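Single-structure report; data block below.
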Amino acid sequence: MPKIAKFIALHSFRAGTGRSSLIANFAPLLAMEGKRVAVVDTCLRTGNVSALLGFDEKAVPCSFHSYYAAQCALWQAAYEVTARTGEALSG
């Protein structure tokens, strides 16, 4: 029997509620438990999860924002962050 993926979605109408901080710390915890984790930051206003995971803006030429604006393919907006797991928790 195939495994069914589980999704956790965070949403808030207000800015500054801590969505990005929560997911940038919760995702690495799940990964350290051996879970396969994908984070998709769909916030079109700020979208700063990549910065919280330790990426420099210049090192991320394609993001979900770029994909949404038809500037790149979706696969180009995917980045491996396994090696950065500890960075998110230590910051």
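The values are calculated or read from the model by the stated rules, or taken from the named source; none is laboratory data. Keep in mind it's a predicted model, so treat the numbers as computed, not measured. We place every Cβ from the backbone using ideal geometry, glycine too, and count neighbours over all the protein chains shown.
Kindly provide the set of residues from the stretch 48-68 that are part of a loop (DSSP other than H, G, I, E, B), of a type in the set (A, V, I, L, M) and surrounded by fewer than 16 Cβ atoms within 10 Å (Cβ to Cβ), ordered by number. If you could, list the steps in order and put the result at the bottom.
Residues of the stretch 48-68 that are part of a loop (DSSP other than H, G, I, E, B), as a first pass: 48, 53-56, 60-63.
Of the ones still in play, those that are also of a type in the set (A, V, I, L, M) are 53, 60.
Correct list: Val60 only.
Trp75 fulfils the conditions (1) at pLDDT 85 or above; (2) surrounded by fewer than 12 Cβ atoms within 10 Å (Cβ to Cβ); (3) assigned to a loop (DSSP other than H, G, I, E, B) except for a single criterion, (3).
Could you tell me how many of the residues in the stretch 1-23 are touching a helix residue (DSSP H, G or I) at 6+ places or on another chain (Cβ under 9 Å) and surrounded by fewer than 12 Cβ atoms within 10 Å (Cβ to Cβ)?
The number of residues fulfilling the criteria is 3.
On the stretch given as the stretch 8-31, residues that are closer than 20 Å to Ala78 by Cβ and of a type in the set (A, V, I, L, M, F, W, C) total 9. Remark: Ala83 falls outside the filter, which requires a residue to be exposed (fewer than 10 other Cβ atoms within 10 Å of the Cβ), of a type outside the set (Val, Ile, Thr) and modelled with pLDDT of 80 or more.
Tell me yes or no: at least one residue of the stretch 24-47 is surrounded by 12 or more Cβ atoms within 10 Å (Cβ to Cβ), among the basic types (Lys, Arg) and either assigned to a helix (DSSP H, G or I) or touching a residue at least 24 places away in the same chain (Cβ under 8 Å) (or both). Within the stretch 24-47, none of the residues are surrounded by 12 or more Cβ atoms within 10 Å (Cβ to Cβ), among the basic types (Lys, Arg) and either assigned to a helix (DSSP H, G or I) or touching a residue at least 24 places away in the same chain (Cβ under 8 Å) (or both).
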